[in-house]
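Each remark here refers to the structure printed beneath this line.
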Amino acid sequence: MVGIMFVCLGNICRSPAGEGMLKHLVEGCDSSLELHVESCGIGDWHVGQLPDSRMRKAALERGITLTSRAQVFKIDHFNEFDYILAADHEVLNDLYHYARSPEEKSKVHLMTAFSSSYRDQKVPDPYYGGVSDFDLVLDMLEDSCEGLLQYIKQHL
């Protein structure tokens, strides 16, 4: 089983959308690929809350239901997950700071690291934006998750 953790600031927009998108893509294909997918935030402001209602609405329009509850990143996640995907460079730097070894650092990537169209770009935080900002995040995550799935399948 391959473990994947999506990480953003508060775990109410970008990371739960990444989690939901990846689960949706895996469900939509006839794959025997076994994944454990979660999301979390660097900050604990929203622990226990559902994703932002605007992100849930934008995702639902694509057939994706976001039901995870916000949780905060824990150092133990380095032991539990194979890929730890950061929404932006600030989160990426925080995760590198938390990593205690080169092996743990090697698990950390930007969410777009495997994207064909948005490679190594930050996923912008849509929280203070409009509908188009949430749609852009979902577009970026869909492309990135498709690339991640291809990468994992090739390296199993």
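Counting other C-beta atoms within 10 Å, and keeping those with at most 11, which DSSP coil chymotrypsin sites (Phe, Trp or Tyr not before Pro) do you find in region 49-156?
Hits after loop and neighbour filter: 128.
To the nearest 0.05, how large is the calculated FRET efficiency for residue 153 and residue 103 if R₀ is 35 Å and r is the Cβ-Cβ distance?
0.95
Which value does Rg/Rh take for region 1-87 over its C-alpha atoms, Rh per Kirkwood?
Computed over Cα atoms, the ratio is 0.97.
Less than 20 Å apart at the alpha-carbon level, and either on another chain or at least 8 residues along: which aspartates and glutamates does that give for residue 105?
Once the sequence-local aspartates and glutamates are set aside, what remains near residue 105 is 38, 76, 80, 82, 88, 90, 94, 120.
Suppose the chain between residue 93 and residue 62 were pulled fully straight at 0.36 nm per residue; how much longer would it get relative to their current alpha carbon spacing?
Going from the current span to full extension adds 8.0 nm.
List 64, 84 from most exposed to least, where exposure is judged by having the fewest other Cβ atoms within 10 Å.
Ranking 64, 84 by Cβ neighbours within 10 Å, fewest first, gives 64, 84.
If you put +1 on each Lys and Arg Cβ and -1 on each Asp and Glu Cβ, how big is the dipole of the chain around its Cα centre, in Debye rounded to 20?
140 debye
Exposure proxy check: 8, 29, 40 ranked by fewest other beta carbons within 10 Å?
Fewest-to-most ranking of 8, 29, 40: 29, 40, 8.
Step through the residues of region 34-51 one at a time and calculate ³J(HN,Hα) from phi using the Karplus curve (6.51 cos²θ - 1.76 cosθ + 1.60, θ = phi - 60°), rounding each to whole Hz and writing x for Gly and Pro.
Each residue's phi maps through the Karplus curve to give 9, 10, 10, 10, 9, 9, 7, x, 5, x, 9, 4, 10, 3, x, 8, 6, x Hz.
Please compute the length gained on full extension between residue 32 and residue 72, using 0.36 nm multiplied by the number of residues separating them and subtracting their Cα-Cα distance. Working shown, then result.
Numbers: separation 40, 0.36 × 40 = 14.40 nm, distance 2.97 nm.
This chain segment gains 11.4 nm when fully extended.
Quick one: 3J(HN,Hα) in Hz for region 105-121, Karplus 6.51/-1.76/1.60 with θ = phi - 60°, rounded, Gly and Pro as x.
In residue order, the calculated couplings are 4, 5, 7, 8, 9, 5, 4, 8, 4, 10, 6, 8, 10, 10, 3, 6, 8 Hz.
Using only C-alpha positions, report the orientation-averaged shadow area of the convex hull of the chain, nm², one decimal. Spell out each step's value before the answer.
Details: hull surface 33.8 nm².
Average of the hull's projected areas for the chain equals 8.4 nm².
No lab work stands behind these numbers, since they all come straight from the coordinates. The model shown is predicted, which means the values in this text are computed figures rather than measured ones. Positions of Cβ are generated from backbone atoms using ideal geometry, with glycine treated the same way; all protein chains shown enter the neighbour counts.
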